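S.K.: Here it is, the structure in full.
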Amino acid sequence: MKNIQKDFPILQRKINGKRLVYLDNASTTQKPKIVLKALQDFYTTSNANIHRSIHTLSEEATGQFEDVRKKVAKFIGAPSAENIIFTKNTTEAINCIRLSWADQHIKAGDEIIISALEHHANLVPWQELCKAKKSFLKIIPLTHDFTLDLQAYQKMLSPKTKLVCLTSQSNVTGTINPIKQMVVFAHAVGARVAIDAAQSVGHRPMNAKDIDCDFLSFSAHKMLGPTGVGILYIKDGLINEMKPFIYGGEMVESVQEQSASYRTGPWQFEAGTPNIADVITFGATLDYLNKIGLKNIQAHDQELLFYAKKIFSHYPQVKIYSPAHIKNCGGVLSFSIEGVHPHDIATIFNEEGVAIRSGFHCAEPLMKRLDVNGTARLSFYIYNTKKDIDVAEKGLKKVLKTFKI
Ligand SMILES: Cc1ncc(COP(=O)(O)O)c(C=O)c1O
């Protein structure tokens with residue numbers, strides 16, 4: 001991963017006259033040259049709509065688009081391309097689970113379990129479903145170590161549990177949940193399991209078949225890919241229990257004046273012109289990540305987390321929200337300083353050229369459980385270095401000096 005920064009032109013930017021130190025990767029990641037080039041190449045040489053025309057350009061674009069479906073399947077250990085649906089992001093993928101599967105299978109009195117670590121994307125759709133169906137939302141609490149209380153989870157599970165929706169890694173605390181074990185518990189009572197892997201795919205090896213989850217969703221933009229591309233993995237056979245969630249062209253097989261029949265497989269969920277260029281560009285992103293190797297990326301994230309935690313722990317004024325064991329945590333470090341608003345922390349970091357996220361991180365109920373009005377968050381990826389964390393420490397010292405803490 002040495003010299004990888006040269007692959008990312010944006011890292012040449014100056015912010016407030018300082019070198020950009022980008023530590024907001026849990027929000028979105030920067031794009032390597034090879035990805036930028038793939039996007040330009042597509043529009044320069046191959047642009048056409050897919051699955052429609054029989055001219056050369058269209059057939060080429062269709063082939064490239066469908067090749068990426070195969071690549072995605074391989075990347076996450078799915079049995080075939082037919083397990084992969086393209087959406088616009090993780091949020092849309094989770095809403096697809098709600099509208100295409102849960103709407104047909106959740107009934108009054110049924111229970112859905114989520115965890116206290118969920119992003120709004122994996123909370124609000126289930127609140128709405130429970131309201132509509134008169135079903136119940138149960139929330140797995142946290143331990144003092146910012147991990148999920150697995151005993152409480154096991155007690156919550158019953159034949160009433162129809163769906164368990166879990167993040168594989170928190171975007172706030174970085175907690176990596178033991179999803180494989182949690183899937184086994186859920187399946188034992190006959191519940192389906194949907195994994196929100198927005199913070200995990202692209203950060204460490206993830207194998208959907210091995211995890212044995214029923215659904216798994218993630219976003220290309222959080223793993224060096226373009227915005228506007230999400231993925232929903234659906235376990236073999238489960239597609240037969242689902243129906244389309246948006247209707248129109250592309251997803252139909254035959255249309256009469258008063259009715260229509262729909263395509264089978266993932267295509268029934270992809271109505272209208274999809275995000276062709278960005279999906280094809282995502283193929284180049286996967287090649288790039290494969291070349292680097294997910295185990296190397298995981299080790300790099302952990303090394304930076306260990307270093308950042310060590311440095312930030314030197315300051316007694318800083319409260320860190322992160323599991324004690326590094327192995328339970330991805331490359332995310334949330335912290336607060338009593339008496340300083342997280343937006344003030346982020347503003348001062350920005351003066352040093354350091355981009356971090358501050359606020360609720362789309363996890364407002366979690367903030368209430370942590371009893372804070374938001375946190376400041378550093379999040380790492382392949383182009384970050386220990387030097388970046390040293391610059392962040394400069395920002396931290398400036399915050400403490402400014403607020404005389
Ligand atoms: C854990 C988690 N789930 C879901 C999302 C939503 O992702 P997107 O905005 O790409 O739909 C995010 C984004 O930060 C996230 O961190």
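S.K.: Treating each Cα of the range 347-387 as an identical point scatterer and ignoring solvent, apply the Debye formula and state log10 I(q)/I(0) at q = 0.27 Å⁻¹.
M.R.: -0.93
S.K.: log10 I(q)/I(0), Debye, Cα-only the chain, no solvent, q = 0.06, 0.11, 0.12, 0.15 Å⁻¹?
M.R.: Debye intensities relative to I(0), on a log10 scale: -0.25, -0.83, -0.98, -1.39.
S.K.: If packing is taken as the average number of other Cβ atoms within 10 Å across a peptide's residues, how do 268-279, 101-112, 7-18 rank, most packed first?
M.R.: 268-279, 101-112, 7-18
S.K.: List the residue ranges in the chain for DSSP H helices whose C-alpha atoms run 18 angstrom or more along the long axis and whose Kyte-Doolittle average is -1.0 or above.
M.R.: Flagged H segments are 56-75, 276-292, 294-313, 386-402.
S.K.: Can you divide the C-alpha Rg of the range 333-405 by 2.2 N^0.38 Å and report the result to two decimal places?
M.R.: For the range 333-405, the normalised Cα radius of gyration comes out at 1.10.
S.K.: Could you give the alpha-carbon Rg of the range 184-231 over 2.2 N^0.38 Å, rounded to two decimals?
M.R.: Rounded to two decimals, the normalised Rg is 1.29.
S.K.: Determine the dipole magnitude for the chain: charges of +1 sit on the beta-carbon of Lys and Arg, -1 on that of Asp and Glu, nothing else is charged, the reference point is the Cα centre, and the result goes in debye to the nearest 20.
M.R.: 1340
S.K.: Quick one: dipole size for the range 262-405, taken about the Cα centre, charges +1 on Lys/Arg Cβ and -1 on Asp/Glu Cβ, in debye to the nearest 20.
M.R.: My answer is approximately 440 debye.
S.K.: By count of other Cβ within 10 Å, fewest leading, how are M156, M223 ordered?
M.R.: Ascending number of Cβ neighbours within 10 Å: M156, M223.
S.K.: Which one of H144, C362, A93 has its Cα pushed farthest toward the positive end of the charge dipole of the chain, where Lys and Arg give +1 and Asp and Glu give -1 at the Cβ?
M.R.: Sorting the options by dipole projection puts first H144.
S.K.: Let me ask something additional. Distance check, please: which entries in K310/K397; K155/K243; K18/K319; K155/K180 exceed 21 angstrom between their Cα atoms?
M.R.: Where the Cα-Cα span goes over 21 Å, the pairs concerned are K155/K243; K18/K319.
S.K.: Could you size up the charge dipole of the range 272-327 around its Cα centre, putting +1 on the beta carbon of Lys and Arg and -1 on that of Asp and Glu, and report it in debye to the nearest 20?
M.R.: Computed about the Cα centre, the dipole is about 360 debye.
S.K.: Fewest Cβ neighbours within 10 Å first, please rank T45, T281, T402 accordingly.
M.R.: Ascending number of Cβ neighbours within 10 Å: T45, T402, T281.
S.K.: Given a Förster distance of 22 angstrom, what is the FRET efficiency for E351 paired with H120, based on the Cβ-Cβ distance and rounded to 0.05?
M.R.: After rounding to 0.05, the efficiency reads 0.15.
S.K.: Would you pull out the residues with amide H under 5 Å of V354's amide H, same chain only if 5 or more places away, H placed 1.01 Å from N?
M.R.: Residues meeting the amide H criterion: V21.
S.K.: Related question: From Cα pairs below 8 angstrom and at least 6 apart in sequence, can you work out the relative contact order of the chain, rounded to a whole percent?
M.R.: For the chain, the relative contact order is 22 percent.
S.K.: Tell me, how many Å apart are the Cα centres for the range 12-51 and for the range 325-357?
M.R.: If you average the Cα positions of each part, the centres end up 24 Å apart.
S.K.: Right, here's the next one. So if I average 1/r over every pair of distinct C-alpha atoms in the range 249-405 and take the inverse, what Kirkwood radius in Å does that give?
M.R.: 18.9
S.K.: Projecting each Cα onto the charge dipole of the chain (Lys/Arg +1, Asp/Glu -1 at the beta carbon, about the Cα centre), which of L129, G374, A188 comes out farthest on the positive side?
M.R.: Value: G374.
S.K.: Moving to a separate point now. Applying a 10 Å radius around every beta-carbon, put 344-356, 132-144 in order of their mean neighbour count, most first.
M.R.: Top to bottom by mean Cβ count within 10 Å: 344-356, 132-144.
S.K.: For the range 158-295, what D do you get in µm² per second when you plug the Kirkwood radius from alpha-carbon pairs into Stokes-Einstein at 37 °C and 0.692 mPa s?
M.R.: Taking Rh from Cα pairs, D becomes 194 µm²/s.
S.K.: How much mean residue ellipticity at 222 nm does the chain get from its helices, if each DSSP H run of length 4 or more adds -39500 (n - 2.57) and you divide by all residues, to the nearest 500 deg cm²/dmol?
M.R.: -10500 deg cm²/dmol
S.K.: Rg and Dmax of the range 1-130, using alpha carbons, in Å: what are they?
M.R.: So, for the range 1-130, Rg and Dmax equal 20.3, 58 Å respectively.
S.K.: Describe numerically, in nm with one decimal, the distance between label points set 7 Å from Cα along Cα→Cβ at N290 and at S27.
M.R.: 3.2
S.K.: Taking the Cα centre of the range 206-286 as the origin and placing charges on Cβ (Lys, Arg +1; Asp, Glu -1), which of S259, H221, G283 is farthest toward the positive end of the dipole?
M.R.: The listed residue farthest towards the positive side: H221.
S.K.: Right, next: What is the ratio of the Cα radius of gyration of the range 56-182 to 2.2 N^0.38 Å, where N is its residue count, to two decimals?
M.R.: Normalised by 2.2 N^0.38 Å, the Cα Rg of the range 56-182 equals 1.26.
Read-outs throughout are calculated quantities, based only on the coordinates presented, and are distinct from any laboratory measurement. Since the structure is predicted, the reported quantities are computational estimates derived from the model, not experimental observations. Methodologically, a virtual Cβ is constructed for each residue, glycine included, from the backbone with ideal geometry; neighbour enumeration extends over all protein chains shown.
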